[in-house]
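Data first, discussion second: the structure below is written as structure tokens.
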Amino acid sequence: MTGQRIGLVVHEGRAAAVAAAEAVRRWAADHSIGVSDIDVWEPSLGHQRRRNAGDEAEAAGHPALVVTIGGDGTFLRGARIAAKDGVPVLGVNVGRVGFLTEIEPTEIDTALDAFFSGRVQLDERLMLTLCASRPLEIPGGMEALLRYGRGPLLPPPPPLPRTAEPVDRPGVALDVTALNDIVFEKLARDRQASLGVYLDETLFASYSADALVVASPTGSTAYNFAAGGPILSPRLGALVFTPVAPHMVFNRSLVMAADEAVTVRVLEQSGQVAVSVDGQLRGVLDPGDWVTVLPAREPAHLVRLRPSEFYSRLRERFSLADAPAAVADSRRPDQADG
Ligand SMILES: NC(=O)c1ccc[n+]([C@@H]2O[C@H](COP(=O)([O-])OP(=O)(O)OC[C@H]3O[C@@H](n4cnc5c(N)ncnc54)[C@H](O)[C@@H]3O)[C@@H](O)[C@H]2O)c1
Ligand SMILES: Nc1ncnc2c1ncn2[C@@H]1O[C@H](COP(=O)(O)OP(=O)(O)OP(=O)(O)O)[C@@H](O)[C@H]1O
């Protein structure tokens, strides 16, 4: 296995995650596999996080596997770097919810043995990417408002390099992917966002809302779910669009085929609009700007040790409650009252 590398993304703020990272390093040393730390937040290390995902992957020596140790946020950060190189990502759960992560720290050795001997399944997940009317920008001074422990701000995504395969959509193709969602949200607390939503370049509806969420099937269980949107099977090739607190009668979600790109345009008298990619601010739009959300060319590859258990995971991690009458009705007759 000499020459192969593991890229490690660690939630450094959590002692259990740092300890689990040591278990990965020990396993790698025993198997002559290199380890590179990626997405490191420490300012003493020169704000390595300020690179884009391609630079992170390159600096890490193009690992064969990205391992994340933390919660879902840590997993999303690792997935964006793994996706850049088309390599799999394995999530070790040291988080609060761990919806996206696959294993517990006690399973690290088993999982790494299985991955490097080709005994794992890869779960393909649709990712999202963006085209925009102009390259995204973040106004100066925003970082101070956002520095509440989420690490240094990522820069706005750069345009795709000229050498990349062209994207068949108008606008500037951006070098960015999201596993969960792209969120368009009012920037000022006191000013709703007025947004025109176009499906394949035809106006669908104009919204005055706190936010609009465009999610992948993976992201359908995150902000989209909190905003009342439907859960999509992760096996679907689809996008879901859900408004957040729209001040209008039509407040439903829309599920679209993956090739039906959604364009969101900031209307002329709207306040500014923040664009978040998997929960991280990556740009601020002014009136007249627009952004198209479309499926990325390459999917993410999530490492699975066991067959997909999406629905049981949903039931367990979200503590889904059964109807009390149904619980009573599911008892055997000899357990029933009276
Ligand atoms: N009101 C909300 O629910 C809300 C608001 C903002 C952002 N978000 C979500 O947070 C995501 C970023 O996650 P984070 O951990 O960096 O921020 P965070 O810590 O604020 O996460 C929000 C919660 O969502 C969970 N989560 C993340 N992705 C999920 C998924 N695919 N399915 C089920 N649950 C998921 C996390 O475990 C966490 O409990 C964004 O992509 C967005 O979807 C949710
Ligand atoms: N690499 C890191 N270095 C230092 N602190 C971190 C790091 N990653 C996360 N944190 C801290 O943990 C907090 C939660 O971050 P985040 O929501 O991204 O974690 P997570 O991986 O999703 O775990 P959880 O499931 O607990 O939310 C952040 O506000 C930050 O204070």
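Results for (1) within 16 Å of ligand 1 (Cβ to nearest atom); (2) at pLDDT 95 or above; (3) hydroxyl-bearing (Ser, Thr, Tyr), shown as yes or no for each residue.
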residue: Arg96; (1), (2), (3): yes, no, no
residue: Thr106; (1), (2), (3): no, yes, yes
residue: Leu122; (1), (2), (3): no, yes, no
residue: Leu126; (1), (2), (3): yes, yes, no
residue: Ala132; (1), (2), (3): no, yes, no
residue: Tyr148; (1), (2), (3): yes, no, yes
residue: Pro152; (1), (2), (3): yes, no, no
residue: Pro156; (1), (2), (3): no, no, no
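Taking the stretch 261-278, which residues are over 20 Å from the mean Cα position of the chain (by Cα) and touching a residue at least 40 places away in the same chain (Cβ under 8 Å)?
Step one: of the stretch 261-278, the residues over 20 Å from the mean Cα position of the chain (by Cα) are 265-272.
Residues satisfying the conditions are Arg265, Val266, Leu267, Gln269, Ser270, Gly271, Gln272.
How about the stretch 248-260: which of its residues are open to solvent by less than 90 Å² (accessible area, probe 1.4 Å) and at pLDDT 90 or above? Working first, answer last.
Residues of the stretch 248-260 that are open to solvent by less than 90 Å² (accessible area, probe 1.4 Å), as a first pass: 248, 250-251, 253-258, 260.
Asn251, Ser253, Leu254, Val255, Met256, Ala257, Ala258, Glu260 - these are the residues of the stretch 248-260 that are open to solvent by less than 90 Å² (accessible area, probe 1.4 Å) and at pLDDT 90 or above.
Restricting to the stretch 57-71, and then to whatever is within 17 Å of Phe99 (Cβ to Cβ) and buried (at least 24 other Cβ atoms within 10 Å of the Cβ), can you tell me which residue is farthest from ligand 1 (Cβ to nearest atom)? Show your work before the answer.
Within the stretch 57-71, the first condition is being within 17 Å of Phe99 (Cβ to Cβ), and the residues that meet it are 68-71.
Adding the requirement that they be buried (at least 24 other Cβ atoms within 10 Å of the Cβ) leaves 68-70.
Working: Thr68: 11, Ile69: 14, Gly70: 9 Å.
The residue in question is Ile69.
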Is it the case that Tyr207 is over 16 Å from the mean Cα position of the chain (by Cα) and open to solvent by less than 10 Å² (accessible area, probe 1.4 Å)? yes
Looking at this structure, is Val303 in contact (Cβ under 8 Å) with a residue 12 or more places away in the chain, among the β-branched types (Val, Ile, Thr), surrounded by 12 or more Cβ atoms within 10 Å (Cβ to Cβ) and not assigned by TED's automatic domain parsing to the domain that holds Val183? yes
Only one residue in Gly70, Gly91, Gly141 is at pLDDT 95 or above and on the phi > 0 side of the Ramachandran plot, so which one is that? Gly70
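Of the residues in the stretch 261-299, how many are open to solvent by 40 Å² or more (accessible area, probe 1.4 Å) and touching a Ser or Thr at 6+ places or on another chain (Cβ under 7 Å)? Please lay out each step first, then the result.
Our first condition is that a residue be open to solvent by 40 Å² or more (accessible area, probe 1.4 Å); within the stretch 261-299, this holds for 265, 267-269, 272, 279-280, 286-287, 290, 297-298.
Imposing the further condition that a residue be touching a Ser or Thr at 6+ places or on another chain (Cβ under 7 Å) reduces the set to 267, 269, 287, 290.
Final tally of qualifying residues: 4.
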Scan the stretch 216-232 for residues that are open to solvent by less than 30 Å² (accessible area, probe 1.4 Å) and touching a residue at least 40 places away in the same chain (Cβ under 8 Å) and jot them down. Ser216, Pro217, Thr218, Gly219, Thr221, Asn224
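Go through the stretch 268-308 and tell me which strands (runs of 3 or more DSSP E), entirely inside it, have 1 or more residues that are hydroxyl-bearing (Ser, Thr, Tyr). Show your work before the answer.
Working: elements: 273-277, 280-285, 290-295, 300-304.
Filter on the stretch 268-308 gives 273-277, 290-295.
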More than 23 Å from the chain's Cα centre (by Cα), more than 25 Å from Val24 (Cα to Cα) and in the same structural domain as Gln280 (by TED's automatic domain parsing) - does that describe any residue in the stretch 114-132? no
Residue identified as within 16 Å of ligand 2 (Cβ to nearest atom) and either surrounded by fewer than 18 Cβ atoms within 10 Å (Cβ to Cβ) or under 21 Å from the mean Cα position of the chain (by Cα) (or both) among Val87, Val97: Val97
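Please verify whether Ser206 is in a loop (DSSP other than H, G, I, E, B), polar (S, T, N, Q) and either at pLDDT 95 or above or in the same structural domain as Glu185 (by TED's automatic domain parsing) (or both), treating the condition exactly as stated. Give the steps one after another, and end with the answer.
Working: in a loop (DSSP other than H, G, I, E, B): no; polar (S, T, N, Q): yes; either at pLDDT 95 or above or in the same structural domain as Glu185 (by TED's automatic domain parsing) (or both): yes.
Taking the combined requirement at face value, the residue does not satisfy it.
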How many residues of the stretch 176-194 are outside any loop (DSSP other than H, G, I, E, B) and open to solvent by 20 Å² or more (accessible area, probe 1.4 Å)? The answer is 3
Test each condition in (1) modelled with pLDDT of 95 or more; (2) within 14 Å of ligand 1 (Cβ to nearest atom); (3) open to solvent by less than 40 Å² (accessible area, probe 1.4 Å) for Val197 and report the one that comes out false. (2)
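Just checking, which of Val303, Val327 is closer than 26 Å to Ala79 by Cα and of a type in the set (A, V, I, L, M, F, W, C)?
Values: Val327 fails: closer than 26 Å to Ala79 by Cα.
Checking each option against the conditions leaves just Val303.
Residue by residue, here is whether (1) of a type outside the set (Asp, Glu); (2) crowded, with 20+ Cβ neighbours inside 10 Å; (3) closer than 12 Å to Leu65 by Cα; (4) away from ligand 2 (no atom under 12 Å from the Cβ) holds:
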{"position": "Gln4", "(1), (2), (3), (4)": "yes, no, yes, yes"}
{"position": "Gly7", "(1), (2), (3), (4)": "yes, yes, yes, yes"}
{"position": "Val10", "(1), (2), (3), (4)": "yes, yes, no, no"}
{"position": "Val18", "(1), (2), (3), (4)": "yes, no, no, no"}
{"position": "Ala21", "(1), (2), (3), (4)": "yes, yes, no, no"}
{"position": "Arg25", "(1), (2), (3), (4)": "yes, no, no, yes"}
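The values are calculated or read from the model by the stated rules, or taken from the named source; none is laboratory data. Keep in mind that this is a model prediction, so the values were computed, not measured. Neighbour counts run over all protein chains shown; Cβ positions are idealised from the backbone, glycine included. Ligands, DNA and RNA are stripped out before the accessible areas are found, and what is left, the full protein with its side chains, is counted by its heavy atoms. Shrake-Rupley method; radii C 1.70, N 1.55, O 1.52, S 1.80 Å.
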